[in-house]
Amino acid sequence: MSRATSWGLCYLPHHGVHKFTPHGSKLRVALDASSILRTRYSKCQILITPVHRGLRHILWRDDSARALQEFELNTVIYGVVTSPYLAIRTLNQQLNDEGETFPWGA
């Protein structure tokens, strides 16, 4: 996630989720793009081309006393209808771009 450099075309519903552990607490963003709360973690992040990041904006603040800040999401959002297509399309593009150089990865 990075600070937005332009106005977003689309804002996604989201909220913060705190996880408290003996070692401290963590805050993560839970997106609700399909209006059904489904969150998943993936160690493989697929980056979105900067020209398309205007379609993935959120408003966020760390504290209710602070002003809202606008952010754009840099990676594919999992749990929405288009997620499987984006993941498969990315793999196919990698195959087209790098399949000859890395045949074992293909």
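The values are calculated or read from the model by the stated rules, or taken from the named source; none is laboratory data. All values derive from a computational prediction rather than experimental measurement. For neighbour counting, all protein chains shown are included, and Cβ atoms are generated from backbone atoms with ideal geometry for every residue, glycine included.
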Checklist entry - Could you list, in sequence order, the residues of the stretch 74-90 that are within 13 Å of the chain's Cα centre (by Cα) and either at pLDDT 85 or above or aromatic (F, W, Y) (or both)? => result N74, Y78
Checklist entry - Here is a list of conditions, (1) modelled with pLDDT of 85 or more; (2) surrounded by fewer than 10 Cβ atoms within 10 Å (Cβ to Cβ), and L59 meets all of them except one; can you say which number that is? => result (2)
